[in-house]
Structures are given as C-alpha cells and as structure tokens.
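Engineer: Okay, here's the structure, questions in a sec.
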Amino acid sequence: MTPPTIKVIAKKANVSIATVSRALNNDHRVKDETRNLILKISRELNYNPNLLARSFVKRQSNVIGLILPDIYDEFFTEIIRGVDEVTFSSKFFTMVASSHKYRSLAESVSTFIKGGMLGGIIILVSSLTEEFIKVIDQSRIPVVLITGSDHKTKYDTITIDNYQGAFGMTEFLLRTKNYKNPVHISGPADNDDAVFRKKGFIDACKKNNLNIPKSSILFGDFSRESGEAAFFSVAKMKNRPDVIFAANDMMALGCYDAAANLGLKIPNDIAVAGFDDIFVSKYLSPGLTTVRVQIEEVGKAAAEILIKKMIQDQSYTLHSIRISTELKIRESC
C-alpha cells in the first residue's frame with residue numbers, strides 16, 4: 001500500500017498542497033477550521049512527514065550526528081537513549097557512529113562532517129588532543145562535546161564530575177566502611193574520565209594518611225575483561241587488598257566474574273565498588289556499590305543544547321555543564 005502524501009491530504013481536504021504544508025508546519029496564515037480538518041485527515045491516513053526530505057528542501061539539516069568511542073557498553077547505550085529521547089520529541093533524526101580501534105576519533109569525526117548530511121554533531125571524546133581540536137575547528141556545523149576534561153574550549157561541553165565522585169567513594173570506603181588496604185583499577189591512561197577518577201582515589205587516600213604504593217593502582221581499559229584480569233592479579237597478592245574500587249562498572253562486573261571463578265565471596269573475601277551505575281549494577285548479587293552518574297541526562301543535556309544551537313544561532317550562549325554524581329550504596333562493600 002502506497003503511503004499517504006501531502007497531495008492525497010490536499011485532495012481529501014479540497015485545499016492546495018501549499019495549504020496542507022503550511023497547516024502541518026503550524027503556519028498562522030491557515031485558518032483554525034482548515035488546519036483542524038487537515039490534521040484530522042492526516043491522522044486518519046496515518047501520515048508521517050518525511051523529515052529528512054523536508055530538511056533538504058529547507059537547506060537546513062535536521063539530522064544530528066552522535067559519535068561514541070564504542071556502542072556495545074551499557075554506558076554508551078544510556079547516552080544514545082538520552083540523545084534520542086530529545087531529538088525524537090523535537091522531530092530531529094539521530095545518526096549514531098562509533099570510532100573503532102582501527103580508526104581514530106578524529107578520522108571518524110572528519111568523515112561524519114564531510115558527509116554533508118548533518119546539521120549538528122555530539123561527540124563523546126576521551127581526550128581533547130590537538131589532532132581532534134584541529135578537526136572540529138574546521139566544522140561549519142554546531143558541535144557539543146561530552147568530555148571528562150575540565151579544559152576550557154570554545155565549544156559547548158557536558159562534563160561528569162569524575163574527580164569528586166571518585167574522591168567521595170574512596171572517602172566512604174576508608175572512613176565509613178573502615179577499609180585499610182584499597183586498590184584502584186584505573187581506566188585508559190589517555191582517557192580524561194579515567195585520569196580524574198584515579199586522581200580522586202589517590203587524593204582521598206592521601207587525605208586519610210594512607211600510603212598508596214604502585215601496586216595499589218592496577219591498569220584497566222574500561223572493559224569487563226580488564227576488570228577480570230585485575231581481580232586475578234589482586235587475588236594473588238601476598239597482602240591481599242580488602243576492597244577494589246574500579247573506575248567503571250564494566251570492570252567491576254569483571255571482578256564479579258573472577259571472584260566467581262575463584263570461589264571468592266563479595267564482599268566477605270574482598271569488597272568491590274564501581275563508577276557509573278549502569279542499569280545492571282543494582283541487579284547483581286550482591287548489588288554493586290557505585291558512583292551514580294545520570295548517564296541518560298548527559299545525553300539529554302547535550303541534545304538540548306545542540307538543537308537550540310541549530311534552530312537559533314551558532315552564536316547562542318556557550319554552555320559548560322558539569323553533571324554531578326552521588327554514591328549508590330548497596331551490598332558489595
């Protein structure tokens with residue numbers, strides 16, 4: 001069955017195609033009676049305007065690009081959900097892409113921008129490198145960055161308060177739970193989120209007069225597998241730590257996997273804490289104590305700013321929003 005068009009609606013309403021177009025776009029020149037009739041017919045016919053085609057006619061794209069480092073992690077799924085909720089309600093499209101290990105973020109952004117279909121772009125960037133800044137500086141469309149960096153830029157930025165979240169969690173583990181031998185599984189060294197989370201852990205330990213040897217920092221890459229490997233290393237230590245603070249929940253999940261493999265109980269044998277509060281965290285057994293980030297809100301904030309920029313003007317007030325965190329205390333420590 002051929003989908004209904006504006007021409008079909010115009011014929012049934014006995015008006016011109018231009019009148020139908022104006023009515024659907026809420027043009028004030030259309031009488032209320034005529035507009036109501038056209039809207040009634042369009043609903044009866046289940047008419048859905050081709051928003052992509054409309055953007056080409058207006059020479060103003062209503063397609064938003066969203067570039068993520070990866071799209072399999074729950075964290076990134078929440079980002080996508082937040083962005084899509086805002087864009088859908090505003091009648092914009094979201095085009096999602098990821099940069100892979102064989103292609104740099106700068107290359108992905110450059111390819112996306114040169115495609116010519118986008119009206120704006122949201123980028124989750126792990127680190128603001130010179131190469132990356134050079135690429136987005138060439139962009140003629142609005143850009144919003146989701147970043148762990150606190151560096152001032154000429155772009156709108158959404159930042160998670162990584163340092164305070166990690167500092168607060170470490171203080172909770174040391175002061176409230178009275179753990180004496182903590183270790184931290186860090187994220188990638190070139191990731192700003194990971195850098196600030198590690199710094200929060202170290203500074204909180206120093207504040208509590210706790211010496212942190214090199215062996216207390218284990219290196220991960222935010223993947224579940226790296227968390228599992230780190231836990232195996234911890235389990236072999238002569239002076240086994242009493243708590244592990246992973247820099248994200250996916251690595252904490254890896255700790256659960258390793259503990260089960262070794263027959264160790266969380267938190268009786270060793271406690272575990274994470275960062276992000278992804279959806280699955282509260283359904284683990286025991287529930288994961290973690291730093292809650294309203295991940296979906298990060299995506300929503302980025303999309304709202306970008307759409308305002310696209311609709312109004314690129315000179316629209318520059319935003320630098322910091323998303324706060326909170327502790328979610330469960331049974332893992």
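The numbers here are math on the coordinates, done by the rules we state, and not lab data. These figures come from a predicted structure and were not determined experimentally. Backbone-built Cβ (ideal geometry, glycine too); neighbour counts: all protein chains shown.
Engineer: Which of the residues that make up region 260-318 are surrounded by fewer than 24 Cβ atoms within 10 Å (Cβ to Cβ), of a type in the set (Phe, Trp, Tyr) and in contact with a helix residue (DSSP H, G or I) (Cβ under 8 Å, 6 or more places away or on another chain)?
Structural biologist: Across region 260-318, the qualifying residues are 279, 316.
Engineer: Out of 272, 298, report the one residue that is hydrophobic (A, V, I, L, M, F, W, C) and over 22 Å from residue 83 (Cβ atoms).
Structural biologist: 272
Engineer: Provide a single number: the residues in region 205-225 that are among the small types (Gly, Ala, Ser) and within 21 Å of the chain's Cα centre (by Cα).
Structural biologist: Number of matching residues: 2.
Engineer: How many residues does region 136-164 hold that are closer than 21 Å to residue 248 by Cα and over 19 Å from the mean Cα position of the chain (by Cα)?
Structural biologist: Here the count works out to 0.
Engineer: Identify the residue in region 147-167 that is out of contact with any Gly (no Cβ under 8 Å at 6 or more places or on another chain) and surrounded by 16 or more Cβ atoms within 10 Å (Cβ to Cβ) and, among all such residues, is farthest from residue 293 (Cα to Cα). If you could, list the steps in order and put the result at the bottom.
Structural biologist: The first filter runs over region 147-167 and keeps only residues out of contact with any Gly (no Cβ under 8 Å at 6 or more places or on another chain), leaving 147-158, 161.
Narrowing further to those that are surrounded by 16 or more Cβ atoms within 10 Å (Cβ to Cβ): 147-149, 155-158, 161.
Values: 147: 14, 148: 13, 149: 16, 155: 22, 156: 19, 157: 16, 158: 12, 161: 9 Å.
Only one residue tops the list, namely 155.
Engineer: Please determine, by comparing only the residues of region 177-222 that are polar (S, T, N, Q) and touching a residue at least 40 places away in the same chain (Cβ under 8 Å), which one is farthest from residue 251 (Cα to Cα).
Structural biologist: 181
Engineer: Quick test for you: out of 215, 186, pick the one residue that is of a type in the set (Gly, Ala, Ser) and surrounded by fewer than 16 Cβ atoms within 10 Å (Cβ to Cβ).
Structural biologist: 215
Engineer: A further question follows. Just for helices (runs of 4 or more DSSP H) wholly inside region 147-241: which have at least 1 residues that are of a type in the set (Val, Ile, Thr) and within 22 Å of residue 133 (Cβ to Cβ)?
Structural biologist: Where helices (runs of 4 or more DSSP H) fall fully within region 147-241 and carry at least 1 residues being of a type in the set (Val, Ile, Thr) and within 22 Å of residue 133 (Cβ to Cβ), they are 192-207.
Engineer: Can you tell me which residue in region 17-48 is nearest to residue 5 (Cα to Cα), limited to those that are surrounded by 14 or more Cβ atoms within 10 Å (Cβ to Cβ) and polar (S, T, N, Q)?
Structural biologist: Residue satisfying both the conditions and the ranking: 42.
Engineer: Can we say residue 231 is farther than 19 Å from residue 295 by Cβ and buried (at least 24 other Cβ atoms within 10 Å of the Cβ)?
Structural biologist: Criteria met by residue 231.
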